[in-house]
Amino acid sequence: MNTERFFTEEEKRLFFSKYRELFNALSEGLEKDDIPKIRQLLKPVVAMECYGRDRNGINGLLRNVETALIATKDVGLKRTSVLALILYRPVLKKAVTIEEVEKVFHSDVSLMINRLLKTSDLYAHNTAINSENFHRLLFSFAEDVRVILIMIADRLCMMRMGKEIVDEKDRVRLATEASYLYVPLAHRLGLYKIKSELEDLALKYLDPKQYYYIKDKLNETKRSRDEYIENFVGPVKRKLEEAGLAFEIKGRTKSIHSINNKIKKQKVEFEGIYDLFAIRIVLDSPATKERSDCWQTFSIITDMYQPNPKRMRDWLSVPKNNGYESLHITVLGPQKRWVEVQIRTQRMDEIAEKGLAAHWKYKGGQEEHGLDEFLADVRAVLEIQGSTPMDLMKEFKMELYQDEIYVFTPNGDLIKLTKGATVLDFAFAIHSRIGSRCVSGKVNGKNVPIKYVLNNGDTIEVITSPAQTPKRDWLSFVATSKARAKIKQALREEYAKNADLAKEQLQRRMKNRKIEVDDAILMRYIKKKGYKTVTDFYLDIADEKLDINTVIDECVEQDQNSEHTEIRSAEEYVANIEAKELSTHQDILLIDRNLTGIDYKLAKCCNPIYGDSVFGFVSTQGIKIHRMNCPNAPEMRTRFGYRIIPAEWSGKGTSGYTVSLRIVGNDDISIVTNITSVISKENRVSLRSINIDSVDGLFQGTFTIIIPDTSTLTVLIKKLQAVKGVKSINRIN
């Protein structure tokens, strides 16, 4: 193999190091002649350059082995999955046939490659999670859980290589996709370590300023944090050793993404976040003593430090669906600071790190047969006709992130449901037919309505009626994706039936009146009336919201008018063409530089100013410019990815932009005077309005200013922070 053609010196060193590491990790699971067979297949393949670099210059062979290593070490996949992962690219490039692979490695590997090829083909056409391909992509995932695990490994590999992606648009698209699809999937499958890394990397690429701000702050406070952990852990170690327990204690800092969420949710500065780390106690216990040792450790910790009962989580008695087992408690440590403590055994810790794959290992099952329970719900939702990609995404994010509750049937069978589930959710969990006919229930022997929210440990009996049918308002209170999917399916079937009857009624009435209306005229009439779908039109006829005779008369009148004038929406025509051109050519929108004929406005939801990282969003009112970290950006990227265009500032930021600052400080009029004085003295900055509220000795003021760019804003904020008595300053939106 002429490696000089494929690798730089650094890549060559890295590849052979990763290659050896991969097969050392796989050694126990491989058959004795697997490695010679792989070499035999790959030797001519590499010479055919099917592992060439992509358009961002990333080496395909290096990416392949890195992904395989993540799949093996971090996810815990074994022989079949990793062999398929290594060989699917040569099959994709037609350097090796699927028949050759099957002949060398048997049908299990070739079947896995076929499933990966199907997924790869969907990405080749469109990677946007809002596309119709998203439905088919999830079908591929639902077919075999290993496909999800391999795709998670591949996306983590690409996110780690993010700095090598030269095209900023590709990096943002990759980070957005990871954030909205692969992070929740990793969470649901118990890959918490990978989930945290994906979240941090997504924040790094989508909001680099905030990412590096938190990272630098963590580095600054590392010494004091390490000292605190040592002071907390020291006495705990002595007590556990006295109890004769074998253990390891780990202190870990919470992820940057998690800290950023706390800053946003609690609306405080970094210094206001106290629970920056967690302590993990990993016990070396035999299988027969795992639970008793965990509870003994729990008792020791809570005797030493005051626990917060509201923040206790017991996943020891009833583990999560993905196999996760652990005790979580939050205790009041030294200096009156809350500390989260996780208690688990080595077996539980491996399952927590590697998720579903490790769960299979300890259950004694083969990965080929290990499908997580949630895949049944995945298929149930996917089988419902008419669901949009966004509907699917909402269903999955809701289902994947929700906590679980545990309830019982009258016979004592345990049922796991989403937190917030109702009697109706329980009925659908038992069987779709029972859910559709549910009229009420009995919870712990007491009669309750179908919307009653269940609690852990409840025993539920479902009461049904053959006359009951699903109602639209049921969707407002069910919490599980299975119940929601089945209700929507039943409603669609009912709507379709009513719409068909209304259509027949309209056609029969037209025939009786000896009137013929062309289908094109009818469709224009439906559109003119404002209906998004033909079904909605016929449903209004069925519900008698539209009078059939009036509809016929208006259609006839429109038909006569159309002989002279064609009715057409000029607004819609222009909007569609403009959006299509922009998204196809991916023009860079240079703001402040001769934008003749292009209508753009600065979005009021985030008030971007010169220097902010921004993007353009095509709307019917022209192009709106949003900040990359706009509160509405996630939904826009997810639902309307095709309408987003790149944008960047040009020129020198000579315009004036409106910014609002929320300032909190001691309730003293002199502080406000000093703040306004600092603002008025700043060059090219003017104060537009002030709104002050005072409570409990503090004032909170909203100062709206006109400012030319972000660098001026940064300088101003630093000067305002130096004003005596000022507690915090935050830019609003």
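The values are calculated or read from the model by the stated rules, or taken from the named source; none is laboratory data. These figures come from a predicted structure and were not determined experimentally. Positions of Cβ are backbone-derived with ideal geometry, glycine not excepted, and every protein chain shown enters the neighbour counts. For accessibility, only protein heavy atoms count, side chains too; no ligands or nucleic acids. Shrake-Rupley method; radii C 1.70, N 1.55, O 1.52, S 1.80 Å.
List of remarks:
- Candidates per trypsin sites (Lys or Arg not before Pro) in the stretch 494-565, loop by DSSP, up to 16 other Cβ within 10 Å: R513, K514, K529, K532, K545
- Cα gyration tensor shape for the stretch 53-113, rounded if a/c is under 1.5, else prolate or oblate: oblate
- Using the Stokes-Einstein relation with a Kirkwood hydrodynamic radius computed over Cα pairs, the translational diffusion coefficient of the stretch 650-733 at 4 °C and a viscosity of 1.567 mPa s comes to 99 µm²/s.
- K215/I717 FRET efficiency (R0 22 Å; Cβ-Cβ; nearest 0.05): 0.65
- Applying a DSSP loop filter and a limit of 13 other Cβ atoms within 10 Å to the trypsin sites (Lys or Arg not before Pro) in the stretch 251-324 leaves K267.
- Each Lys or Arg adds one and each Asp or Glu takes one away; over the other residues whose Cβ falls under 13 Å from the Cβ of V715, this sums to +2.
- Solvent-accessible area of the stretch 658-706 (1.4 angstrom probe, protein heavy atoms only): carbon and sulfur portion equals 46 percent.
- Only lysine pairs 8 or more places apart, or on different chains, with alpha-carbon atoms under 17 angstrom apart are counted in the stretch 488-556, and they number 11.
- The convex hull built on the alpha-carbon positions of the stretch 458-551 has an orientation-averaged projected area of 8.5 nm².
- Label-zone membership for the stretch 243-269, site K289, 7 angstrom Cα→C-beta point, backbone N under 15 Å: 243-248
- In plain terms, the chain from K528 to E168 could stretch by 125.4 nm, reckoned as 0.36 nm per residue minus the Cα-Cα distance.
- With every protein chain in place and a 1.4 angstrom probe, the accessible-area ranking of M312, M628, largest first, reads M312, M628.
- Using a simple spin-label model with pseudo-atoms 7 Å out from Cα toward Cβ, I692 and K503 lie 6.8 nm apart.
- Accessible area expressed per residue, the stretch 178-275, with surrounding protein chains retained (probe 1.4 Å, Å²): 50
- Cα-derived Rg to Rh of the stretch 286-335, Kirkwood definition: 1.02
- F477 accessible area, 1.4 Å probe, all protein chains in place, Å² to nearest 10: 40
- Of the solvent-accessible surface of the stretch 218-270, computed with a 1.4 Å probe and all protein chains present, 44% belongs to carbon and sulfur.
- Ordered by solvent-accessible area of protein heavy atoms (1.4 Å probe), largest first, the residues C605, C294 come out as C605, C294.
- Charge dipole magnitude, Cβ of K and R +1, D and E -1 - the stretch 151-304, Cα centre, debye nearest 20: 340
- Computed extension length for N666-K103: 195.0 nm, one decimal, from 0.36 nm per residue of separation with the Cα-Cα distance subtracted.
- Figure note: D74, D425, D473 ranked by solvent-accessible area, largest first, 1.4 Å probe, ligands and nucleic acids not counted: D473, D74, D425.
- Solvent exposure of D536, expressed as accessible area, is near 70 Å², computed with a probe of 1.4 Å over the protein chains only.
- Heavy-atom accessible surface of L201, to the nearest 10 Å², is about 20 Å², with a 1.4 Å probe and all protein chains retained.
- Looking at the stretch 184-319, the pairs of alpha carbons with a distance over 21 Å make up 55% of the total.
- Estimated FRET transfer efficiency (A467, N512; beta-carbon r; R0 30 Å; 0.05): 0.30
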